[in-house]
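Beneath this line is the structure, given in structure tokens, with notes to follow.
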Amino acid sequence: MSRSLNDALAVGLGTCAVAVGVRPSRLQYLRRLAQRAGLGGRAAVSAAPPPPVVEHASIEMAQAQCFSEQGALDALRQAFEQAPGVSGRAANSKRRACIVLDDFWANHAILRGDFRAMRTREVEDIARSYFAETFGLDADAIVVRAAMQRGGRALFASALSRSLHEGIRDVSDAARVEVQSLKLGLPQMMNRARRAVGGSASMLVVVAETALHAVLMDRNRWVAYGAQRLFADDAGDALRLATIAEQVFERCTNARREDCTIYLAGLGLDPSAFEGRFASARCLRDVAPGASAPLRLMEFAL
């Protein structure tokens, strides 16, 4: 079996739909890297076009199954069945997939402390205990992902349902798909934003289907994380979103809003609604305008 990028799928698993596409060819991938390098650092994040998608399919969940693990797994199964084919690939060959999940499926937190001398297992145990105590989760029923900040004094941790995690693996195995990576959307957006955000106090605001996520940064380091649930009418109301972002900021820090630059990403946002509440507001172009939530997640896997 060829191990080229042409054998790989990119999957965005949302709350009510799944998007699946073919990852770019090696040549397209190299051109993308060259283009980003040519644009340089901050400009690359805000100005570079999204990677090319050769072909993709979208699978909607039945309304009664939206926001449920069973609905997500059933839609993922259909996505693999309808995934675009690759020219010259044997029908029975195993494919690879990079899967990015909506943050609805997880809890996030920034933990602070001295983690420098700790082993990975010890760090994960600390994060697992935090999620169990803070959110009342069964420690044995979650899978923890943790990313250490440079310097070892802060940790961005996520907790994902073990049943969903294992269900995705089972569905993938049954479809002869090897899960190359299984990630959440917010950490991917944070990685991109760090290349665009300056060294001063700032806040990344990501608007997803069901929540507004905010990550405070200072000197390119994570400081605090906060989130607020969104209801049906919130996502289309820029002023409402700006008010929510302001409230999350005030819950997370004692810093002055007037000294903080806000960076906006996710479902369509109007920066003018945030100006006046913060030092300035800037949009991060993370994906093509107007793309659905699953397509935005899929783009992170490309």
Original post:
Considering Arg221, Arg277, which residue is more than 15 Å from the chain's Cα centre (by Cα), among the basic types (Lys, Arg) and at pLDDT 90 or above?
Top reply: Arg277
Original post:
Within the range 254-268, which residues are open to solvent by 30 Å² or more (accessible area, probe 1.4 Å) and either closer than 20 Å to Val197 by Cβ or of a type outside the set (S, T, N, Q) (or both)?
Top reply: Ala255, Arg256, Arg257, Glu258, Asp259, Leu267, Gly268
**OP:** Test each condition in (1) in a strand (DSSP E or B); (2) open to solvent by less than 10 Å² (accessible area, probe 1.4 Å); (3) closer than 21 Å to Phe135 by Cα for Met203 and report the one that comes out false.
**Re:** (3)
**OP:** Might you check whether a residue that is open to solvent by 10 Å² or more (accessible area, probe 1.4 Å), closer than 19 Å to Leu297 by Cβ, charged (D, E, K, R) and out of contact with any Gly (no Cβ under 6 Å at 6 or more places or on another chain) occurs anywhere in the range 162-172?
**Re:** yes
Subject >> Complete set of residues in the range 127-138 that are open to solvent by less than 70 Å² (accessible area, probe 1.4 Å), in a helix (DSSP H, G or I) and not basic (Lys, Arg) >> reply: Ala127, Ser129, Phe131, Ala132
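Restricting to the range 179-199, and then to whatever is closer than 20 Å to Leu297 by Cβ and hydrophobic (A, V, I, L, M, F, W, C), can you tell me which residue is surrounded by the fewest Cβ atoms within 10 Å (Cβ to Cβ)?
In the first step, residues of the range 179-199 are kept if they are closer than 20 Å to Leu297 by Cβ; the result is 179-196.
From what is left, the residues that are hydrophobic (A, V, I, L, M, F, W, C) are 179, 182, 184, 186, 189-190, 193, 196.
On the way: Val179: 16, Leu182: 21, Leu184: 22, Leu186: 26, Met189: 24, Met190: 21, Ala193: 21, Ala196: 21.
Filtering the range 179-199 for residues that are closer than 20 Å to Leu297 by Cβ and hydrophobic (A, V, I, L, M, F, W, C), the one surrounded by the fewest Cβ atoms within 10 Å (Cβ to Cβ) comes out as Val179.
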Original post:
(1) more than 30 Å from Ala214 (Cβ to Cβ); (2) surrounded by fewer than 18 Cβ atoms within 10 Å (Cβ to Cβ); (3) touching a residue at least 40 places away in the same chain (Cβ under 8 Å); (4) out of contact with any helix residue (DSSP H, G or I) (no Cβ under 7 Å at 6 or more places or on another chain): which one isn't true of Arg119, the others all being true?
Top reply: (3)
**OP:** Restrict the check to the range 71-83 and report whether at least one residue is open to solvent by 40 Å² or more (accessible area, probe 1.4 Å), more than 21 Å from the chain's Cα centre (by Cα), at pLDDT below 95 and at positive phi.
**Re:** no
Subject >> Unmet criterion (only one of (1) open to solvent by less than 60 Å² (accessible area, probe 1.4 Å); (2) on the phi > 0 side of the Ramachandran plot; (3) not aliphatic (A, V, I, L, M)) for Arg176 >> reply: (1)
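What do you reckon, is Asp234 assigned to a loop (DSSP other than H, G, I, E, B), at pLDDT below 90 and buried (at least 21 other Cβ atoms within 10 Å of the Cβ)? Walk me through it before giving the result.
Working: assigned to a loop (DSSP other than H, G, I, E, B): yes; at pLDDT below 90: yes; buried (at least 21 other Cβ atoms within 10 Å of the Cβ): no.
Judged against the criteria, Asp234 is not a match.
Yes or no, residue by residue, for (1) open to solvent by 40 Å² or more (accessible area, probe 1.4 Å); (2) under 25 Å from Ser158 (Cα atoms); (3) at pLDDT 65 or above:
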position	(1), (2), (3)
Cys16	no, yes, yes
Gly38	yes, no, no
Pro51	no, no, no
Glu60	yes, no, yes
Val86	no, no, no
Ile99	no, yes, yes
Asp103	no, yes, yes
Original post:
Looking at (1) touching a helix residue (DSSP H, G or I) at 6+ places or on another chain (Cβ under 7 Å); (2) farther than 23 Å from Gly71 by Cβ; (3) surrounded by fewer than 17 Cβ atoms within 10 Å (Cβ to Cβ); (4) of a type outside the set (Phe, Trp, Tyr), which is the one condition that is false for Asp114?
Top reply: (1)
Subject >> Every residue from the range 189-203 that is modelled with pLDDT under 80, over 11 Å from Tyr263 (Cα atoms) and basic (Lys, Arg) >> reply: Arg195
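The values are calculated or read from the model by the stated rules, or taken from the named source; none is laboratory data. Every value quoted in this text rests on a predicted model; they were computed, and no experiment measured them. Here the Cβ is made from the backbone with ideal geometry for all residues, glycine too, and neighbour counts use every protein chain on show. With ligands, DNA and RNA removed, areas are computed over all heavy atoms of the protein, side chains included. Shrake-Rupley method; radii C 1.70, N 1.55, O 1.52, S 1.80 Å.
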